[in-house]
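These notes concern the structure reproduced below.
The values are calculated or read from the model by the stated rules, or taken from the named source; none is laboratory data. What you see is a predicted model, and the numbers here were worked out from it, not measured in a lab. Here the Cβ positions follow ideal geometry from the backbone for every residue, glycine too, while neighbour counts run over all protein chains shown. Heavy atoms of the whole protein, side chains included, go into the accessibility calculation; ligands, DNA and RNA do not. Shrake-Rupley method; radii C 1.70, N 1.55, O 1.52, S 1.80 Å.
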Amino acid sequence: MSGAADETTPQQTATAAAPTQQDNKKIASALLRYRVLAYATGIWLLVLTAEMVAKYIFSVDNLPTWIAIVHGWVYFVYLILTIDLAVKVRWPAGRTVGTLLAGTIPFLSFFVEHWRTQQVKKDFGV
């Protein structure tokens, strides 16, 4: 048996599900952080790729050893900020994992960042 207090109208459900202005500010902030780290991750991945090509294809010696470390830390922060955005906009698991993996393939993070940004802006009006 369901009491009157347990029942909600479709209008109440839509109102409860609609993001508030404060939620939109949080989403916009999370989106900006994600975008910055997506670009930083993409750039450092390209630098790392160039280092690997120089080292293993052209046999260049005395390359800096810190490039992989910097990319690793930037990618780690990218993972955290991507999960933050995914939670705020309620992405499904597949979209979240795909976005997380975009930082591991050269150039892909730039394209995925553009697609995700357009989608979030369209869905939330930020």
Measure off, as a whole percent, the carbon and sulfur share of the 1.4 Å-probe accessible area of the chain, all protein chains present.
-> 66
What figure in square angstrom, to the nearest 10, would you give for the accessible area of L32 with a 1.4 Å probe?
-> 110
For F58, solvent-accessible area (1.4 Å; no DNA, RNA or ligand), Å² = 140
Dipole-positive endmost among L85, I67, I27 within the chain (Cβ charges, Cα centre) | I27
What accessible surface, in Å², does a 1.4 Å probe find on S29, ignoring ligands, DNA and RNA and rounding to the nearest 10?
-> 50
Looking only at Cα atoms, what is the convex hull volume of the chain per residue, in Å³?
-> 121
Hey, got the dipole for segment 23-126? About the Cα centre, +1 on K and R Cβ, -1 on D and E Cβ, debye to the nearest 20?
-> 520
In sequence order, calculated HN-Hα J values of segment 81-92 (Karplus, 6.51, -1.76, 1.60; Hz; x Gly/Pro) = 6, 5, 5, 4, 5, 4, 5, 5, 9, 6, 5, x
Proximal lysine pairs, the chain, alpha carbons under 28 Å, eight or more residues apart or interchain = 8
